[in-house]
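Report on the structure given below.
The values are calculated or read from the model by the stated rules, or taken from the named source; none is laboratory data. Computed from a prediction, not measured in an experiment: that's the story for all the values here. FYI the Cβ positions are ideal-geometry reconstructions off the backbone, even for glycines, and counts take in every protein chain you see.
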Amino acid sequence: MTKEDIEKHYSENRSQYENLAVNIKQALKTFFGEHNISFHSISSRIKEFESYIEKIDRKGYEDPIEQIEDFCGVRIICYYPLDLDKIATIINDEFEVIESIDKSANMEADRFGYRSNHYIVRIKKDWLKAPNYRGLEHLKAEIQVRTILMHSWADIEHKLAYKKQDDIPKEFRRKLYQLSALLEIADAQFQELKNNKENFKSSLIKSDKEGSNFFDIKSDLNLDSLQAYLDFNFPDRKRIDTNDLLEDLKELGISLEEIERYRIDTVDILPEIEKEIKLDGRLYQIGIIRLLLDLKSDTYWEKRFGDWKDSPWGKTIQKWREKTPLSN
């Protein structure tokens with residue numbers, strides 16, 4: 001193929017690849033939401049023409065249109081090493097995987113560099129039923145998956161311009177090996193910390209003699225115990241950041257034990273209050289706790305009353321506070 005032929009193909013297909021990238025990113029976000037996988041970012045890029053030509057020349061491709069598989073690139077940056085396996089399962093289940101490469105699989109113990117997982121994929125045929133996927137079935141994309149620390153190393157490696165071990169001056173090799181090892185150890189330690197955090201939250205759930213589960217409300221109030229309490233009592237309500245709520249509770253000196261007392265006192269009236277306030281959907285986890293505090297804590301309500309008294313929320317709370325015995 002001549003350069004003119006390649007440029008014509010590039011120009012004619014770029015918009016399709018851009019469409020492919022947008023749709024793959026959206027699909028991945030949906031899949032991760034369905035499997036409760038948190039992630040740092042999902043980004044994409046379409047290879048620029050000069051980079052496209054440079055790769056053809058460098059690799060000596062005879063059929064570049066078929067051989068270049070990263071025209072469309074999608075990068076997933078996740079938080080923990082175990083997320084790599086979860087994401088791999090999703091990619092293998094949801095896409096037609098042409099090739100998968102684990103960059104660390106053949107890495108020697110002292111080898112410079114850091115790992116990531118790469119997949120060459122096509123969308124599955126049954127996706128074509130949706131209008132936004134039509135015409136994309138023949139296109140390939142590369143999906144890279146890295147943890148944040150893997151990504152940090154890759155960026156530094158790129159900035160230093162060391163592509164392989166022999167490129168590194170001997171004076172620097174030992175230091176780079178050490179730094180690479182430290183990042184790999186840090187990745188493993190963050191995973192261990194996350195596992196310990198989940199184990200701690202699970203340990204707050206106890207069983208009585210009859211086998212019924214209950215939450216240990218005598219636990220110290222902290223970010224993890226508060227989230228565990230919310231997940232135990234309000235598992236069907238949406239999670240959002242609890243830091244501000246935790247600060248308010250600590251400022252007021254309110255314990256998990258008191259929150260549980262508020263919940264028990266109001267459990268029968270909460271559905272009616274939510275309905276009366278006419279919220280669009282149900283309150284989030286922290287919203288239900290703030291509702292409990294509005295109803296049962298004088299100190300908390302006095303702090304908020306000035307801002308809320310004329311709102312539907314404030315009027316409803318004031319009415320129900322008059323009906324409900326206060327706890328303090």
Within the stretch 38-54, the count of residues that are surrounded by 17 or more Cβ atoms within 10 Å (Cβ to Cβ) and more than 12 Å from ILE76 (Cα to Cα) comes to 3
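Can you tell which of LYS201, LYS194, LYS209, LYS218 is assigned to a helix (DSSP H, G or I), out of contact with any strand residue (DSSP E or B) (no Cβ under 9 Å at 6 or more places or on another chain), of a type outside the set (Ser, Thr, Tyr) and at pLDDT below 90?
One residue alone meets the criteria, LYS201.
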Name the single residue that is modelled with the lowest pLDDT among those in the stretch 148-183 being within 24 Å of VAL74 (Cβ to Cβ) and of a type in the set (D, E, K, R). LYS163
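If you go through the stretch 175-194 one residue at a time, how many are closer than 12 Å to TYR80 by Cβ and touching a residue at least 40 places away in the same chain (Cβ under 8 Å)? Give the derivation first.
Applying the first criterion (closer than 12 Å to TYR80 by Cβ) to the stretch 175-194 yields 186-194.
Among the residues that remain, those that are also touching a residue at least 40 places away in the same chain (Cβ under 8 Å) are: 187-188, 190-191, 194.
Residues meeting the conditions: 5.
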Going through GLU99, GLU69 one at a time, which residue ends up being surrounded by 14 or more Cβ atoms within 10 Å (Cβ to Cβ) and either assigned to a helix (DSSP H, G or I) or in contact (Cβ under 8 Å) with a residue 24 or more places away in the chain (or both)? GLU69
May I ask you to list the residues in the stretch 1-48 that are assigned to a loop (DSSP other than H, G, I, E, B), of a type outside the set (Asp, Glu) and within 17 Å of ASP70 (Cβ to Cβ)? LYS47
Identify the single condition in (1) farther than 20 Å from LEU204 by Cα; (2) at pLDDT 85 or above that GLY306 does not satisfy, given that it satisfies every other one. (2)
